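Data first, discussion second: the structure below is written as structure tokens.
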Amino acid sequence: MMVESILLVDDEDLFHLVFEDACSLLDIGVSMKSVKSADKAASMFKEWFESGKHKEKPECVFVDLNIIGSTFDGIELVRKINFEYGNHVVIGIISSSNDEKEQAKALQAGAQFWLVKSDDIEPRLERFRKDYPEFKNRTKEFTVYK
Amino acid sequence: MINFSQETIEQLITLKEDKNVFLEGNLLRLIETDNEEFSKYIEECIVHDKDVRRKRLEVTRQVQQQNRELLNLNDENQRILEELQMTLTEVEESKKQVEQAKTEALNDLDLLQKKKQTELIGGIVKVALGVITFIAIMSTGLYVFAIIMGKETTNIGQAWNNLFGILLTNAFSIVGTIMGVKYANKGKN
């Protein structure tokens, strides 16, 4: 099952390219968009929520944990999307950190997965792709891909 | 999903064969066709696209790695710079301490010299006062002895008078000089 649309929120331009190519190679997503700041992503979700344009929302959102240049971190963005802007997306954290305390916070904020970012990201994305239908149906519990 | 006309399909296949130009990107996953030749073309395009993406991914990763190394080197440089700064601060601090110690040593030396000088003056004064007191006692004793014994006291009386006058004058002069020297040195110490 392919993801219709993916939104990546990450401050690192190079990782946008890596993520896009890796997703494309693994046939994960059809449409992909990247933004560099949590504030920008939050304002996009706010607009979709307030205007009722839920169809414009991405199907799945990958949020970096520490987004340099943003006024809040990735976990706060996940919380805002889940609790303030209507949810309806598969959302999780993508980070080089594997901190269990942060993972617990992400779970509390409503994240469905935590994907550890490293050079060899494809095997993790492959596992995520297999689990994706369950995430979409909300039948899979919080999963850490490391 | 997207469907292409037969004419477009032929143009795309010709473009690939003549100029090696392929369709690329996620668009390929949205194309639907019953045309066997075009299906084969799409598969070739997907293989080509994946090949290009794989190469780009490799290059991007190398750049990421180089960036990371540069960042680490930058951190290392920053650390060395901070260490150098700290060492420089310590050297300057030591220099200040040495200069302070030198100033203190010079002050101590000056103080020692003044102390010795004062001690010397004190010694001279003690000896002078001793001599004055001895002569005063001796001359007074001699004068008293002459009076008691009923001897001629005119000369010795005048001599005692002159001598005592000179001794008192000199004694006050010495005391005045010492007081003056002490007062002058008071401000410096």
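Rule-based calculations on the coordinates, nothing more; no lab input. Not measured: the values here are computed from a predicted model. Don't worry about glycine lacking a Cβ; one is built from the backbone with ideal geometry, like all the others, and counts go over all protein chains shown.
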Sum of -39500 (n - 2.57) over DSSP H runs of 4+, divided by residues of the protein assembly as shown (222 nm, nearest 500): -24000 deg cm²/dmol
Average other protein chain Cβ within 10 Å of Cβ, residues A:12-24: 5
For chain A: span of alpha carbons on each principal axis (Å, largest first): 37, 31, 31
As computed over region A:76-146, the Cα convex hull volume per residue (Å³): 79 Å³
In region B:1-85, GluC sites (Glu not before Pro) in a DSSP loop with at most 16 other beta-carbon atoms within 10 Å: B:GLU24, B:GLU32
Protection proxy ranking, peptides A:6-12, B:62-68, A:125-131, average beta carbon neighbours within 10 Å, highest first: A:6-12, A:125-131, B:62-68
log₁₀ of I(q)/I(0) at q = 0.07, 0.09, 0.14, 0.16 Å⁻¹ - the protein assembly as shown, Debye sum with one point per alpha carbon: -0.54, -0.71, -1.15, -1.30
Pair B:SER39, B:LYS19: separation of 7 Å Cα→Cβ label points (nm): 2.9 nm
Cα pair count fraction exceeding 17 Å, expressed as % - region B:27-92: 66 percent
Principal axis dimensions, chain B - Cα atoms, whole angstrom, descending: 168, 25, 20
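What does the average come to when, for each residue of peptide B:44-57, you count the partner chain Cβ atoms lying within 10 Å of its Cβ?
Other-chain Cβ atoms within 10 Å of each residue's Cβ, averaged: 3.
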Shielding by other protein chains, B:58-69, mean Cβ within 10 Å: 3
Note, ³J(HN,Hα) from phi for region A:18-27, Karplus 6.51, -1.76, 1.60, rounded to Hz, x at Gly and Pro: 4, 5, 4, 5, 5, 5, 5, 4, 8, 6
Residues whose placed amide H lies under 5 Å from that of B:ILE31, excluding near-sequence neighbours: B:ILE2
Efficiency of FRET between B:GLU83 and A:LYS101 - r from beta-carbon atoms, R0 25 angstrom, step 0.05: 0.15
Per-residue ³J(HN,Hα) for region A:51-56, Karplus 6.51 cos²θ - 1.76 cosθ + 1.60, θ = phi - 60°, Hz, x for Gly and Pro: 8, x, 8, 5, 5, 7
Cα principal axis extents for region B:54-163, largest first, Å: 141, 16, 10
